[in-house]
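S.K.: Let me give you the structure first, and then I'll get to my questions.
The values are calculated or read from the model by the stated rules, or taken from the named source; none is laboratory data. Keep in mind the model is a prediction, meaning the values are calculated, not measured. Every residue, glycine as well, gets a Cβ built from its backbone with ideal geometry; the counts of neighbours run over all protein chains shown. For accessibility, only protein heavy atoms count, side chains too; no ligands or nucleic acids. Shrake-Rupley method; radii C 1.70, N 1.55, O 1.52, S 1.80 Å.
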Amino acid sequence: MTTVVVCAGGPKQELCSFTSFQLQQDVVFIGADRGALYLIEQGITPHAIVGDFDSLSEEEYQRVMARTNDQQRFQEEKNETDTDLALLKAFTYAPEEIILTGVTGGRLDHYEAAVRSIYRLQKEHPHIVLKIINHTNMLQFLLPGTHPIYADNRYRYLSFFAHEEPIKDVTLRQVKYETTKEEISLGTSRFTSNEIIGTSGSISFSRGICLMIRSID
């Protein structure tokens, strides 16, 4: 399975840990703007770097350019964000999973833009798993159907939110608070902070888009 990890240039302290990805085979790393420098500082050679690189000094820019053969530099005046350009690059590797980090904890407009991009791309590519991850949270959008959810000590708590429209026929199994064919309405916080019982649980629903957030304190 090919996993592409896209590192954007948000606050460094909000990045996910790269250790587990470095131990895997078939992992591609892409740096978006300052995210390319973050990868290099972690001892990772990016497979590709993308962006206008306006957040880098000339010395930093020369450093990242020397560390990869696949470089795409864009003008500052453009329609896409650096993160969007890096995500588009990620799809060229025919991945089964795309992980985005470095988009939380800083500017809220950049975070909101990243969430909207992940939502749009998930709908356009339902066969690919897209996630936003930082050091304590994992966010992804689920489409109608049945989804297994595996226990993970990094993300003990499990929350579900309706995105754009109510979620119909929600059934939760092997979690602390189970449900059968209920609705997650827009604006509700009722489905916040659940927990998996055992090694895995599941959610199924017939209609709507589910924003799932997994967290730890």
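S.K.: Any residue in the stretch 180-189 that is within 22 Å of the chain's Cα centre (by Cα), β-branched (Val, Ile, Thr) and modelled with pLDDT of 95 or more?
M.R.: The answer is no, given that none of the residues of the stretch 180-189 is within 22 Å of the chain's Cα centre (by Cα), β-branched (Val, Ile, Thr) and modelled with pLDDT of 95 or more.
S.K.: Among 186, 139, which is the only one that is outside any strand (DSSP E or B) and among the hydrophobic types (A, V, I, L, M, F, W, C)?
M.R.: 186
S.K.: So residue 49 passes all but one of these: (1) open to solvent by 10 Å² or more (accessible area, probe 1.4 Å); (2) touching a Ser or Thr at 6+ places or on another chain (Cβ under 8 Å); (3) not small (Gly, Ala, Ser). Which condition number does it fail?
M.R.: (1)
S.K.: Hey, any hits in the stretch 198-217 for a residue that's open to solvent by 60 Å² or more (accessible area, probe 1.4 Å), of a type in the set (A, V, I, L, M, F, W, C) and over 21 Å from residue 132 (Cα atoms)?
M.R.: no
S.K.: Same structure again: Step by step: first the residues of the stretch 17-43, then only those that are more than 28 Å from residue 78 (Cα to Cα) and either within 14 Å of the chain's Cα centre (by Cα) or not polar (S, T, N, Q) (or both), then the one that is modelled with the lowest pLDDT. Which residue is that? Walk me through it before giving the result.
M.R.: From the stretch 17-43, those more than 28 Å from residue 78 (Cα to Cα) are 17-27, 42-43; that's our starting set.
Still in the list and also either within 14 Å of the chain's Cα centre (by Cα) or not polar (S, T, N, Q) (or both): 17-18, 21, 23, 26-27, 43.
Details: 17: 87, 18: 89, 21: 87, 23: 79, 26: 90, 27: 94, 43: 91.
Looking at the filtered set, the residue picked out is 23.
S.K.: Within the stretch 143-150, does at least one residue satisfy the condition of being of a type in the set (A, V, I, L, M), open to solvent by less than 80 Å² (accessible area, probe 1.4 Å) and in a loop (DSSP other than H, G, I, E, B)? Reasoning before the result, please.
M.R.: We begin by selecting, within the stretch 143-150, every residue of a type in the set (A, V, I, L, M); these are 143, 149.
Checking which are open to solvent by less than 80 Å² (accessible area, probe 1.4 Å) leaves us with 143, 149.
Imposing the further condition that a residue be in a loop (DSSP other than H, G, I, E, B) reduces the set to 143.
Yes, the stretch 143-150 has at least one match.
S.K.: Something else now. Filter the stretch 1-17 for residues that are in contact with a Phe, Trp or Tyr (Cβ under 8 Å, 6 or more places away or on another chain), part of a loop (DSSP other than H, G, I, E, B) and surrounded by fewer than 20 Cβ atoms within 10 Å (Cβ to Cβ) and give the result.
M.R.: 2
S.K.: Can I ask one more? I need the full set of residues from the stretch 63-115 which are crowded, with 18+ Cβ neighbours inside 10 Å, at pLDDT 95 or above and in a loop (DSSP other than H, G, I, E, B), in order please.
M.R.: Hit for the stretch 63-115 is 95, nothing else.
S.K.: Within the stretch 209-216, is even one residue in a loop (DSSP other than H, G, I, E, B), in contact with a Ser or Thr (Cβ under 8 Å, 6 or more places away or on another chain) and at pLDDT below 95? Walk me through it before giving the result.
M.R.: Filtering the stretch 209-216 for residues in a loop (DSSP other than H, G, I, E, B) gives 209, 216.
Then drop every residue that is not in contact with a Ser or Thr (Cβ under 8 Å, 6 or more places away or on another chain), which leaves 216.
Going one step further and asking which of them are at pLDDT below 95, we end up with 216.
Checked the stretch 209-216: at least one residue is in a loop (DSSP other than H, G, I, E, B), in contact with a Ser or Thr (Cβ under 8 Å, 6 or more places away or on another chain) and at pLDDT below 95.
S.K.: Determine if the stretch 26-46 includes at least one residue that is in a loop (DSSP other than H, G, I, E, B), open to solvent by 20 Å² or more (accessible area, probe 1.4 Å) and hydrophobic (A, V, I, L, M, F, W, C).
M.R.: Scanning the stretch 26-46 turns up no residue that is in a loop (DSSP other than H, G, I, E, B), open to solvent by 20 Å² or more (accessible area, probe 1.4 Å) and hydrophobic (A, V, I, L, M, F, W, C).
S.K.: Are there any pairs with C-beta distances below 6 angstrom linking a residue in the stretch 106-118 that is touching a residue at least 24 places away in the same chain (Cβ under 8 Å) to a residue that is small (Gly, Ala, Ser) and crowded, with 16+ Cβ neighbours inside 10 Å, with the two at least 6 apart or on different chains, and if so which?
M.R.: Pairs that qualify, where the first residue is touching a residue at least 24 places away in the same chain (Cβ under 8 Å) and the partner is small (Gly, Ala, Ser) and crowded, with 16+ Cβ neighbours inside 10 Å, are 106/10.
S.K.: Just to check your reading of the model, which residue among 171, 179 is buried (at least 17 other Cβ atoms within 10 Å of the Cβ), farther than 20 Å from residue 100 by Cα and either out of contact with any helix residue (DSSP H, G or I) (no Cβ under 7 Å at 6 or more places or on another chain) or in contact (Cβ under 8 Å) with a residue 40 or more places away in the chain (or both)? Lay out the reasoning, then the answer.
M.R.: Details: 171 fails: buried (at least 17 other Cβ atoms within 10 Å of the Cβ).
The match here is 179.
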